[in-house]
1. I'd like the residue in segment 17-33 that is more than 16 Å from the ligand (Cβ to nearest atom) and part of a loop (DSSP other than H, G, I, E, B) and, out of all such residues, is surrounded by the most Cβ atoms within 10 Å (Cβ to Cβ).
2. Would you mind telling me which numbered condition in (1) closer than 17 Å to Ser99 by Cβ; (2) more than 11 Å from the chain's Cα centre (by Cα); (3) surrounded by 14 or more Cβ atoms within 10 Å (Cβ to Cβ) Met1 fails?
3. Being touching a residue at least 12 places away in the same chain (Cβ under 8 Å), over 17 Å from Val26 (Cβ atoms) and surrounded by 13 or more Cβ atoms within 10 Å (Cβ to Cβ) is the filter here, so list the residues in segment 66-79 that pass it.
4. Restricting segment 42-62 to residues that are in a loop (DSSP other than H, G, I, E, B) and in contact with a Gly (Cβ under 9 Å, 6 or more places away or on another chain), which is farthest from Ala25 (Cα to Cα)?
5. I'm told Ile36 meets every condition in (1) at pLDDT 95 or above; (2) open to solvent by 70 Å² or more (accessible area, probe 1.4 Å); (3) β-branched (Val, Ile, Thr) except one. Can you identify the failing condition by its number?
6. Please enumerate the residues belonging to segment 46-58 that are open to solvent by less than 60 Å² (accessible area, probe 1.4 Å) and under 11 Å from the mean Cα position of the chain (by Cα).
7. Which ones in segment 1-16 are over 16 Å from Ser90 (Cα atoms) and in a loop (DSSP other than H, G, I, E, B)?
Amino acid sequence: MIYVGAVSDIPDGEAVKVQGSVPIAVFHVEGRLYAIDDTCTHQDASLADGWVEGCAVECPLHAACFDLRTGLPSGPPAKKAVRTHAVVVSDGEIWVEESVAVEPRFPVGAGASEHA
Ligand code: FES
């Protein structure tokens, strides 16, 4: 489990980045928490720096939108989903359980270009 911080550390509508096997973005949206891989599946952009609208985040680089619940993109230029992760809240503290079901997409320069 990856420690994120206190729920109160993430204002509603914002995100923080934590480090798993790859960077993971944790979003706080209307009282709910979502965790997805931080790196866009199109190119190398941080989704934590994107814009949140409803249950979606818009990539700051080319505006692909990803559903925070499923990781699926709603349209181009991104074609692949980002991984989603389980979020656990205990005593006001947030933890993320990184998914191992799907290979993560490593950020550029992370030494795993075969996953790009
Ligand atoms: S890098 Fe995210 S849409 Fe291009």
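The values are calculated or read from the model by the stated rules, or taken from the named source; none is laboratory data. Just so you know, these numbers come straight off a predicted model, no measurement behind them. A quick note on method: Cβ atoms are made from the backbone with ideal geometry, for glycine too, and the neighbour counts reach across all protein chains shown. Only protein heavy atoms, including side chains, enter the accessible area calculation; ligands, DNA and RNA are left aside. Shrake-Rupley method; radii C 1.70, N 1.55, O 1.52, S 1.80 Å.
1. Checking each candidate, the answer is Gly20.
2. (3)
3. Pro73, Pro77, Ala78
4. Here the residue is Leu61.
5. Every condition holds for Ile36 apart from (2).
6. Result: Ser46, Leu47, Ala48, Gly50, Ala56, Val57.
7. Result: Pro11, Asp12, Gly13.
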